[in-house]
Each structure stands twice: as C-alpha cells, then as structure tokens.
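Beneath this line is the structure, given in structure tokens, with notes to follow.
The values are calculated or read from the model by the stated rules, or taken from the named source; none is laboratory data. Keep in mind that this is a model prediction, so the values were computed, not measured. Because the Cβ atoms are built from the backbone with ideal geometry, glycine has one as well, and the counts that use them run over all protein chains shown. Just so you know, the surface numbers come from the protein's heavy atoms only, side chains and all, with ligands and any DNA or RNA stripped out. Shrake-Rupley method; radii C 1.70, N 1.55, O 1.52, S 1.80 Å.
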Amino acid sequence: MLWGWLPCGLVYSALSWAALSGSVSSGALYMLAFGLGTLPAMLAFGWFSGALQSILKARGFRQAMGVIMIVYGLWVATIALRQTLLMG
C-alpha cells in the first residue's frame, strides 16, 4: 500500500491502469503484480543506498574527493591562465 504514496510516474501510471481496469479485484491484482514486479528493484536500491552511504561517510573517501577537487580546481585555473595568455 505504500507504493501508492511514492511520487513516481510509474506508480501513477500503474494506479491509473488499476483504476481503469473495470473492477476492484482486477485493479487489486494489477497493483499486486506491479508491487511484486518492483519489489526486487526497491529492495536492491535500499541495500545499495545503505552501502553507498557507508562508503561516502568513510574518511579516506572524503579525503580522496577533497584532493580530486583541488586537482580539478588547479586544472581549470591552468586552462583559464593559458587562455588569458594566448588572448593577451
């Protein structure tokens, strides 16, 4: 029953098809099939987001991203300086 509250175009589409199915039982079966069909993806996404969250909170990852940002900033500044020197 919680799938119906998700702000998702697929859920709204499934709810529309269920509402237009012609009877309560066929609409319920349609939503049951939709729920069972999307359950593996929802569970996998929940597991993946938990794993990703633990990676993103790791100190080494955060430090690596800081170094990458500094290198990227230096790279962009180098490109800008080259362009300025070529123009002037």
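Data overview
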| read-out | value |
| --- | --- |
| Those helices (runs of 4 or more DSSP H) lying entirely in the chain with at least 2 residues touching a residue at least 24 places away in the same chain (Cβ under 8 Å) | 24-57 |
| T78 being hydroxyl-bearing (S, T, Y), over 23 Å from the mean Cα position of the chain (by Cα), farther than 30 Å from A14 by Cα and surrounded by 10 or more Cβ atoms within 10 Å (Cβ to Cβ) | yes |
| Breaking point among (1) under 16 Å from the mean Cα position of the chain (by Cα); (2) open to solvent by 80 Å² or more (accessible area, probe 1.4 Å); (3) hydrophobic (A, V, I, L, M, F, W, C), for A44 | (2) |
